[in-house]
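First the structure, in the form of structure tokens, and then the observations on it.
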Amino acid sequence: MSFAGMKVLSLESRRSAEIAELIRKQQGDPVVAPSMREAPLEQNEEAFHFAERLFAGEFDMMILLTGVGTRLLNQAIAARYAPERFAEALRKLTVVARGPKPAAVLRGMDVPIAVLAPEPNTWRELLAATANRPERRIAVQEYGRSNTELLEALRARGASVTSVRVYQWDLPEDIAPLRDAARRLATGELHVALFTTAIQIHHLLRVAAEEGIEEAVHGAFAKMAVGSIGPTTSEALEEAGIHPDLEPPHPKMGILVQETAQRAEAILAAKAGWSRAAAGPDPA
């Protein structure tokens with residue numbers, strides 16, 4: 001089974017060329033609209049204040065949620081303090097990594113990892129993995145939008161929790177492709193949508209609202225096959241009123257594309273009576 005000529009939307013940014021090629025290999029017609037960029041905060045005062053507290057010994061656990069955020073926090077602190085200070089301070093704490101990306105950065109810094117959350121690497125796995133830990137003075141490196149569920153759950157255990165926000169997600173500098181994708185969604189041109197991070201849907205709906213077509217975009221997803229890379233992204237889709245039709249068994253982009261290609265025809269047939277003939281010939 002393949003996409004067989006279906007128009008497949010991806011809002012991937014950093015790996016846009018890679019996902020487009022994966023879609024083509026599954027005989028899909030990729031519509032790639034980068035939806036976000038990682039923008040370090042213009043003012044790093046929050047990071048500097050956190051560093052002062054860290055160096056003063058005010059924390060006994062640090063939770064790192066993303067690889068990019070871990071690297072940026074290290075770089076931000078190194079802008080004011082000696083480059084090794086952050087890593088040296090982390091070695092004195094219980095260090096928790098949400099998944100393989102922050103773990104890889106920590107290993108590169110020669111920082112031991114006490115707790116590594118298992119797949120699918122959501123806040124729930126992280127919370128379960130730290131359930132029996134005694135530490136109650138916890139710093140959390142935030143990513144994108146604040147993970148209020150995790151922070152509240154940690155506080156419910158009696159922990160004193162400090163969040164450190166080291167980067168935010170902005171719209172891409174060129175939003176024309178994203179605006180065009182929203183318009184094509186609203187007119188029902190697209191068959192499949194693939195989401196690889198929660199922020200993508202927020203930015204798409206933001207642009208759709210600015211265009212006055214948010215309701216039409218919402219309605220379009222009810223007739224499409226919607227693939228989500230994992231539980232965190234699925235949760236964000238559900239919160240936005242969009243039901244994901246599938247998640248791959250492992251949160252990997254290549255597996256997401258392959259699984260969606262295999263199941264898209266059946267999903268579309270159940271939703272709207274789609275047929276291969278309706279999609280036209282397979283892309284060359």
Within the stretch 110-132, can one find any residue that is in contact (Cβ under 8 Å) with a residue 40 or more places away in the chain, open to solvent by 70 Å² or more (accessible area, probe 1.4 Å), of a type in the set (D, E, K, R) and in contact with a Gly (Cβ under 7 Å, 6 or more places away or on another chain)? no
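Touching a strand residue (DSSP E or B) at 6+ places or on another chain (Cβ under 8 Å) and of a type in the set (Lys, Arg), is that true of Lys25?
Values: touching a strand residue (DSSP E or B) at 6+ places or on another chain (Cβ under 8 Å): no; of a type in the set (Lys, Arg): yes.
Answer is no for this residue.
One line per residue, one yes/no per condition, for (1) modelled with pLDDT of 95 or more; (2) more than 16 Å from the chain's Cα centre (by Cα):
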site: Leu72; (1), (2): no, yes
site: Arg80; (1), (2): no, yes
site: Thr122; (1), (2): no, no
site: Pro134; (1), (2): yes, yes
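Could you check, for the stretch 245-259, whether at least one of its residues is over 23 Å from Pro100 (Cα atoms) and at pLDDT 95 or above?
Initially, the stretch 245-259 is screened for residues over 23 Å from Pro100 (Cα atoms), giving 245.
Now drop any that are not at pLDDT 95 or above, which leaves 245.
Yes: one or more hits.
Which members of the stretch 235-276 meet the condition of being under 13 Å from Ile201 (Cβ atoms) and open to solvent by 10 Å² or more (accessible area, probe 1.4 Å)? Outline the logic, then answer.
Filtering the stretch 235-276 for residues under 13 Å from Ile201 (Cβ atoms) gives 235-244.
Those that are under 13 Å from Ile201 (Cβ atoms) and open to solvent by 10 Å² or more (accessible area, probe 1.4 Å): Glu235, Glu238, Glu239, Ala240, Gly241, His243, Pro244.
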Have a look at Ala193, Ala186 and point out the one that is more than 27 Å from Arg124 (Cβ to Cβ) and among the hydrophobic types (A, V, I, L, M, F, W, C). Ala186
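Restrict the check to the stretch 50-66 and report whether at least one residue is open to solvent by 30 Å² or more (accessible area, probe 1.4 Å), over 27 Å from Pro134 (Cα atoms) and not basic (Lys, Arg). Steps first, answer last, please.
As a first pass, look at the stretch 50-66 and keep what is open to solvent by 30 Å² or more (accessible area, probe 1.4 Å): 52-53, 55-58, 60.
If we keep only those that are over 27 Å from Pro134 (Cα atoms) too, we end up with none.
Looking through the stretch 50-66, none of the residues is open to solvent by 30 Å² or more (accessible area, probe 1.4 Å), over 27 Å from Pro134 (Cα atoms) and not basic (Lys, Arg).
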Considering only the stretch 38-49, state which residues are surrounded by 14 or more Cβ atoms within 10 Å (Cβ to Cβ) and either touching a Cys at 6+ places or on another chain (Cβ under 6 Å) or among the acidic types (Asp, Glu) (or both). Glu38, Glu46
Based on what the data block shows, is Arg24 of a type in the set (D, E, K, R), within 26 Å of Asn147 (Cβ to Cβ) and either part of a loop (DSSP other than H, G, I, E, B) or over 17 Å from the mean Cα position of the chain (by Cα) (or both)? no
Glu88 fails exactly one of (1) under 18 Å from Val140 (Cα atoms); (2) touching a residue at least 12 places away in the same chain (Cβ under 8 Å), namely (2)
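Would you mind stating whether Pro177 is out of contact with any helix residue (DSSP H, G or I) (no Cβ under 9 Å at 6 or more places or on another chain) and either open to solvent by less than 70 Å² (accessible area, probe 1.4 Å) or of a type in the set (Phe, Trp, Tyr) (or both)?
Working: out of contact with any helix residue (DSSP H, G or I) (no Cβ under 9 Å at 6 or more places or on another chain): yes; either open to solvent by less than 70 Å² (accessible area, probe 1.4 Å) or of a type in the set (Phe, Trp, Tyr) (or both): yes.
So Pro177 fits the description; yes.
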Filter the stretch 2-37 for residues that are without any contact (Cβ under 8 Å) to a residue 40 or more places away in the chain and within 21 Å of Val207 (Cα to Cα); the one that is surrounded by the fewest Cβ atoms within 10 Å (Cβ to Cβ) is Arg14
Residue selected from the stretch 144-164 under the condition in contact with a helix residue (DSSP H, G or I) (Cβ under 6 Å, 6 or more places away or on another chain) and at pLDDT below 90, by the criterion farthest from Ala209 (Cα to Cα): Asn147
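The values are calculated or read from the model by the stated rules, or taken from the named source; none is laboratory data. Bear in mind the structure is a predicted one, so any value in this text is a computation, not a measurement. We place every Cβ from the backbone using ideal geometry, glycine too, and count neighbours over all the protein chains shown. To get the accessible areas, we keep the full protein, side chains included, count just its heavy atoms, and leave off ligands, DNA and RNA. Shrake-Rupley method; radii C 1.70, N 1.55, O 1.52, S 1.80 Å.
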